[in-house]
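Okay, so here's the structure we're looking at.
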Amino acid sequence: VKKEGRNNVRVFDERKETGDRPPIEREDDLRHALATGQFVLHYQPQYDLRNQQLTGAEALIRWHHPDLGLIPPSSFIPLAEENGTINDIGTWALREACQQNKAWQNAGLAPITVAVNLSARQFYQPGLVQVVSRILEETELEPRYLELELTESIMIEAEQALIVLRALKALGVRISLDDFGVGFSSLSYLRKFPIDKLKIDKSFIQECPVDVNDATIVKMIINMAHNLKLSVMAEGVEDKDQLTFLTQHVCDGAQGFLFQKPLPGRAFTEKFHELQSF
Ligand code: C2E
Ligand code: CA
Ligand code: CA
Ligand code: CA
């Protein structure tokens, strides 16, 4: 009787845990998804605007949920950041992206950079530099073909950020500053920090060049980047007018739906030659 009672309580507790909340609010589900291979990376081409050539691919995570279908990162990355599972999920994404890029190179395709997003929490996890270093060794990807996309939020701890950035640069990987212009806005760190590239946030590109203010900001960011000897890329490029504007103002690179939506690795591989230039 006692045993039965305990079982009942356990069943009741489990129902209470899973009952009201949607599955993606549970840390266990994120861990389970990782352990059972439910995460996938999609890749979006990045282009050089001077020669129209493919230079890289940004890896963007999705959750292939058995019941809910394909879940976008906005629905689970914030939770993963909150409960810390982002570190393991991010390590998986890093390894997967490096493996994929090495596989493209091994297949004889023209070498490109793979860009992987890192949240601030990942950036500050103890041992991040060792994790990156180990993955590069394991996958035998040359460091210069890996780019880490960080946001301005990492600059909050400026001293510590500088230490980690220097260690990452010492590995030979590239660093880009994502969502540039919308975050923590102290420009002083830009010259102090070993950053290779600014990615202009897509909110500035959206209404560009029709919105004169946005167009001014975009021009300003391009000029500032070049004066600081940084490369600059526009994200979220959706139409020809945006592309023309960016090309005229000598933005170095671009990505967006105009060129290609993010593709599963396999589809990217199949279209690789077609994606080679726009
Ligand atoms: P993000 O790094 O700023 O990525 C760009 C987002 O814009 C992606 O959304 C991409 O699919 C979308 N996008 C690309 N081209 C266009 C366009 O022309 N127009 C518009 N409107 N959108 C475009 P996605 O894939 O849903 O990713 C959302 C965010 O989730 C990313 O923003 C990034 O912050 C985060 N994320 C994605 N993958 C990872 C990951 O592996 N690790 C971490 N920590 N964060 C990730
Ligand atoms: Ca990004
Ligand atoms: Ca971005
Ligand atoms: Ca973002």
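For this structure, a couple of remarks:
- Residue under evaluation Leu141, criteria (1) more than 14 Å from ligand 2 (Cβ to nearest atom); (2) out of contact with any Leu (no Cβ under 9 Å at 6 or more places or on another chain); (3) within 19 Å of Gly236 (Cα to Cα); (4) touching a residue at least 40 places away in the same chain (Cβ under 8 Å), criterion not met: (3)
- Residue list for segment 168-195, restricted to those being surrounded by fewer than 17 Cβ atoms within 10 Å (Cβ to Cβ) and within 10 Å of ligand 3 (Cβ to nearest atom): Val182
- Considering each residue of segment 180-200 in turn, at least one proves to be among the basic types (Lys, Arg), over 20 Å from Thr113 (Cα atoms) and out of contact with any Cys (no Cβ under 6 Å at 6 or more places or on another chain).
- Close pairs from segment 35-54: first among the polar types (S, T, N, Q), partner surrounded by fewer than 16 Cβ atoms within 10 Å (Cβ to Cβ) and in a strand (DSSP E or B), Cβ under 6 Å, at least 6 apart: Gln38/His64; Gln52/Ser277; Gln53/Ser277
- Filtering Leu246, Leu198 for residues that are buried (at least 22 other Cβ atoms within 10 Å of the Cβ) and touching a residue at least 60 places away in the same chain (Cβ under 8 Å) leaves a single hit, Leu246.
- Note on segment 36-74: among residues that are among the polar types (S, T, N, Q) and buried (at least 16 other Cβ atoms within 10 Å of the Cβ), the one that is farthest from the chain's Cα centre (by Cα) is Gln38.
- Annotation note: of Ala103, Ala97, the sole residue that is surrounded by 14 or more Cβ atoms within 10 Å (Cβ to Cβ), under 17 Å from Glu147 (Cα atoms), of a type outside the set (Asp, Glu) and touching a strand residue (DSSP E or B) at 6+ places or on another chain (Cβ under 7 Å) is Ala97.
- Criterion: within 16 Å of ligand 4 (Cβ to nearest atom) and not in a helix (DSSP H, G or I) - qualifying residue of Ala115, Ala110, Ala93, Ala80: Ala115
- In segment 177-196, residue modelled with the lowest pLDDT [restricted to those that are touching a helix residue (DSSP H, G or I) at 6+ places or on another chain (Cβ under 8 Å) and within 16 Å of ligand 1 (Cβ to nearest atom)]: Phe184
- Leu246 more than 13 Å from Asp48 (Cα to Cα) and not polar (S, T, N, Q): no
The values are calculated or read from the model by the stated rules, or taken from the named source; none is laboratory data. Just so it is clear, the structure is predicted and the values come from calculations on it, not from any experiment. Quick reminder, even Gly has a Cβ in these numbers, built from the backbone with ideal geometry, and neighbours come from all protein chains shown.
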